[in-house]
Amino acid sequence: MATAELDGTLIATTTKGRLVEGNVYFPASDVRTELLSSSPLTTLCPWKGIARYRHLTTEGRVVKNAAWTYPVPLPFAWFVRDRLAFELGSGVTITYR
């Protein structure tokens with residue numbers, strides 16, 4: 001089981017989380033995507049591909065670039081498709097058991 005919270009607001013909960021490089025990737029269907037909005041930021045991972053970032057808004061607080069996803073991951077990382085991970089330094093608390 002994995003959860004993501006910000007300031008007591010539950011953002012995601014899943015029994016299908018994938019731990020990759022120290023980050024929990026949540027299925028998009030298990031994330032409150034209404035709390036996320038698009039960011040122009042992208043980054044490149046040599047084995048996962050291009051990450052697209054999302055801002056997180058809860059109770060009037062906006063955390064820029066708090067989450068990312070790989071909409072079209074490279075072949076070795078296809079298992080992260082349709083999943084989101086949260087930046088650990090953003091204030092989001094991740095619990096993974």
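The values are calculated or read from the model by the stated rules, or taken from the named source; none is laboratory data. Note that the structure is predicted; figures quoted are calculated from it, not measured. So basically every Cβ, Gly included, is an ideal-geometry build from the backbone, and we count neighbours across all protein chains shown.
Things to note:
- Pick from region 1-31, criterion without any contact (Cβ under 8 Å) to a residue 24 or more places away in the chain and part of a strand (DSSP E or B), ranking: farthest from T58 (Cα to Cα): T14
- Residues of region 3-16 classified as within 12 Å of the chain's Cα centre (by Cα), among the small types (G, A, S) and farther than 14 Å from A67 by Cβ, total: 0
- Lone unmet requirement of (1) modelled with pLDDT under 95; (2) out of contact with any Ser or Thr (no Cβ under 9 Å at 6 or more places or on another chain) for D7: (2)
- Region 49-82: number of residues that are among the charged types (D, E, K, R), out of contact with any Asp or Glu (no Cβ under 9 Å at 6 or more places or on another chain) and in contact (Cβ under 8 Å) with a residue 24 or more places away in the chain: 3
- Taken over region 71-86, the criterion of being part of a helix (DSSP H, G or I) and among the β-branched types (V, I, T) is satisfied by V80 alone.
- Whichever residue in region 1-48 is of a type in the set (V, I, T) and touching an Asp or Glu at 6+ places or on another chain (Cβ under 9 Å) and, among such residues, is surrounded by the most Cβ atoms within 10 Å (Cβ to Cβ): I11
- Summed over region 1-21, the residues that are in contact with a Leu (Cβ under 8 Å, 6 or more places away or on another chain) and closer than 11 Å to F86 by Cα give a count of 5.
- Looking only at residues of region 60-91 that are under 16 Å from F26 (Cβ atoms) and of a type in the set (F, W, Y), we find that the one that is surrounded by the most Cβ atoms within 10 Å (Cβ to Cβ) is F86.
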